[in-house]
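Peer 1: Sharing a structure with you now.
The values are calculated or read from the model by the stated rules, or taken from the named source; none is laboratory data. All values derive from a computational prediction rather than experimental measurement. Counting neighbours? That spans all protein chains shown, and the Cβs are built from the backbone with ideal geometry, glycine included.
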Amino acid sequence: MTPDPHPGSGPLFGRRLPAVTAAAVVAALAAAMMSPPDYVQGELVRLMYVHVPAAWAAYLSYAVTLAASVGWLRRRRPGLDRLAAASAEVGVFFTGLAIALGSIWGRPTWGVWWAWDARLVTTALLFFVYLGYLALRRAIPDPVLRARRSAVFGVVAFAQVPLVHFSVLWWRTLHQPPTVLRPSDPAIDHTMLIALLLGVLAFTLLHALFVRTRCRIAAARDALDADDETRYRPVAGAAVSAPEVGSHV
Amino acid sequence: MSRPTTTPTPLARCLALAAKDLRVERRSGEALLVIAPFGAVALLLAPLAVGVDTPLLAELGPALYWLVVLLFGVLVTLRGSAVDGPHQRAMLALTGVGPRILLAGRTLGNVALLLGFELLLAPVAVLLYNPDLTGWPWLLPVLVLVAGGLAVLGSIADALAAGLDGRTSLGPLLTAPIAVPLLLGATGVLNAARYDRPPWPWLLLVVTVDLVAALLAAWCATHMEDVA
């Protein structure tokens, strides 16, 4: 049995996960459309079914980055570094999406695109913290050094996540406090809660699909780099030039 | 007969490294003769952008001071004169200086420099903005605690960005968003004292950030052998 010379050359998206994700997205959209309008916000409440799951997917991404970073520091497996990086990239995407959707929701609700609200500001800071993480990765060409330093920063950066979550409790803000993730019964209508949970499931699956695909791209690129390094490595005796035949005849 | 040699304690090593950093700073003058005047220029320019509205500037003064301390203080922790070359790092490693001691020494030096930086800029801010200084004694622990927290976070960022081409631009991006609770705490203490509210919850926030940062630094130093 011979090892696969190109470990990253498998199917990029796969079949089952995209199918399951697509089904979950369709179900979540249907539930969001069929759920009742809010007494105060009317139809605007439907933005909640994408805004909250996007924020959840962002938290999940950073938690995966944290776990993979700790895992890399213990086990030193390249796959864990790829997972941490892929999850951080996806997390930055979902954080940006949550901020954009929140801004669109805030305009008709609060009357402004941006409010100096604790949750908004700390989420924006989280976005920049992980942009810094990605910038750090780009700045280091050596793969082992990159993995080590970004793993350390992946752990340090996660300290910001609880600050974002609890900011609405610690400071008086426009943003509402947690309605689902709280010790008592969720303060939300149960039909809405089901639609919201379906949205969370769809975004979780989207997160898994994006991260898996990004990991596969990274693995293929690493395999290509290793291949190039082997191919263009100078062979023994390359420094010795062959004598020119017939020049002194 | 040769004198018996004693191994210096970790604290003595930290202090020796901090003293080395301060000596290098005294020769180069980078933090206090370049970055501090640059911070003073920022304090001078802000009113020109805001508009010369004296009551408004008196209101904004403390916040602008802490903002300048945060953004320019990061530059103090990432100053070029704090860069150890590969030969210096190799020599320190050979003499048994571990990564934790190295990071702690660098942090101690940064605390001293940041305190100097804050003390240089404080009279400039008072002179330019004429802020309400009610409850100013609270400023003393805040100055020390903010210097401590920023020094630890800056030392971590400095270690992470060590030897990289974009070190001076990457370092502030890594540090500034994480250091924001220090800014909130520092401005919150003075505001609370001014409006006769208890400032200690804000002080507690700064202390918590300092402790969490110190614990993270102690943990991550062991994984930064390439820097030590």
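Peer 1: Looking only at region A:54-89, filter to residues that are among the hydroxyl-bearing types (Ser, Thr, Tyr) and under 10 Å from the mean Cα position of the chain (by Cα); which one of those is farthest from A:Arg216 (Cα to Cα)? Spell out how you get there, then give the answer.
Peer 2: Narrowing region A:54-89 to residues among the hydroxyl-bearing types (Ser, Thr, Tyr): A:59, A:61-62, A:65, A:69, A:87.
Next cut, under 10 Å from the mean Cα position of the chain (by Cα) only: A:59, A:61-62, A:65, A:87.
On the way: A:Tyr59: 22, A:Ser61: 17, A:Tyr62: 19, A:Thr65: 16, A:Ser87: 12 Å.
Result: A:Tyr59.
Peer 1: Which of the residues that make up region B:135-160 are touching a Leu at 6+ places or on another chain (Cβ under 7 Å) and either without any contact (Cβ under 8 Å) to a residue 12 or more places away in the chain or polar (S, T, N, Q) (or both)?
Peer 2: Selection gives B:Ser155 alone.
Peer 1: Of all residues in region B:161-179, which are assigned to a helix (DSSP H, G or I), over 18 Å from B:Val111 (Cβ atoms) and either away from chain A (no Cβ under 13 Å) or touching a residue at least 40 places away in the same chain (Cβ under 8 Å) (or both)?
Peer 2: Scanning region B:161-179 gives B:Ala161, B:Arg167, B:Thr168, B:Pro172.
Peer 1: All but one of (1) within 19 Å of B:Met224 (Cα to Cα); (2) modelled with pLDDT under 90; (3) surrounded by 24 or more Cβ atoms within 10 Å (Cβ to Cβ) hold for B:Leu153; state the number of the condition that does not hold.
Peer 2: Unmet condition: (2).
Peer 1: So for region B:198-214 (the condition being small (Gly, Ala, Ser) and more than 14 Å from chain A (Cβ to nearest Cβ)), does at least one residue qualify?
Peer 2: no
Peer 1: Can you find a residue in region B:188-197 that is under 25 Å from B:Gly105 (Cα atoms), in contact (Cβ under 8 Å) with a residue 40 or more places away in the chain and either more than 9 Å from chain A (Cβ to nearest Cβ) or in contact with a strand residue (DSSP E or B) (Cβ under 9 Å, 6 or more places away or on another chain) (or both)?
Peer 2: Start the filter on region B:188-197 by keeping residues that are under 25 Å from B:Gly105 (Cα atoms), which leaves none.
Checking region B:188-197: not a single residue is under 25 Å from B:Gly105 (Cα atoms), in contact (Cβ under 8 Å) with a residue 40 or more places away in the chain and either more than 9 Å from chain A (Cβ to nearest Cβ) or in contact with a strand residue (DSSP E or B) (Cβ under 9 Å, 6 or more places away or on another chain) (or both).
Peer 1: Being within 23 Å of B:Ala31 (Cα to Cα), of a type in the set (D, E, K, R) and at pLDDT 90 or above narrows it down to one residue among B:Arg106, B:Arg89; which is it?
Peer 2: Working: B:Arg89 fails: at pLDDT 90 or above.
Matching residue, one of B:Arg106, B:Arg89: B:Arg106.
Peer 1: Tell me which residues, restricted to region A:21-56, are surrounded by fewer than 15 Cβ atoms within 10 Å (Cβ to Cβ), part of a helix (DSSP H, G or I) and in contact (Cβ under 8 Å) with a residue 24 or more places away in the chain.
Peer 2: Listed by number, the list holds a single entry, A:Met34.
Peer 1: In region B:194-214, how many residues are surrounded by fewer than 22 Cβ atoms within 10 Å (Cβ to Cβ) and either under 13 Å from the mean Cα position of the chain (by Cα) or part of a helix (DSSP H, G or I) (or both)?
Peer 2: Final tally of qualifying residues: 11.
Peer 1: Continuing with this model, one more query. Give me the pairs: first residue in region A:105-117 and surrounded by 11 or more Cβ atoms within 10 Å (Cβ to Cβ), second residue modelled with pLDDT of 85 or more and hydrophobic (A, V, I, L, M, F, W, C), beta-carbon distance under 6 Å, and six or more apart or on different chains, which are they?
Peer 2: Once the first residue is surrounded by 11 or more Cβ atoms within 10 Å (Cβ to Cβ) and sits in region A:105-117, its partners that are modelled with pLDDT of 85 or more and hydrophobic (A, V, I, L, M, F, W, C) give A:Trp105/A:Leu47; A:Arg107/A:Trp113.
Peer 1: Is region A:66-75 home to any residue that is touching a residue at least 12 places away in the same chain (Cβ under 8 Å), surrounded by 21 or more Cβ atoms within 10 Å (Cβ to Cβ) and more than 20 Å from A:Asp142 (Cβ to Cβ)?
Peer 2: Among the residues of region A:66-75, at least one is touching a residue at least 12 places away in the same chain (Cβ under 8 Å), surrounded by 21 or more Cβ atoms within 10 Å (Cβ to Cβ) and more than 20 Å from A:Asp142 (Cβ to Cβ), which makes the answer yes.
Peer 1: Something else: Checking B:Arg79 against (1) buried (at least 19 other Cβ atoms within 10 Å of the Cβ); (2) at pLDDT 90 or above, which test does it fail?
Peer 2: (2)
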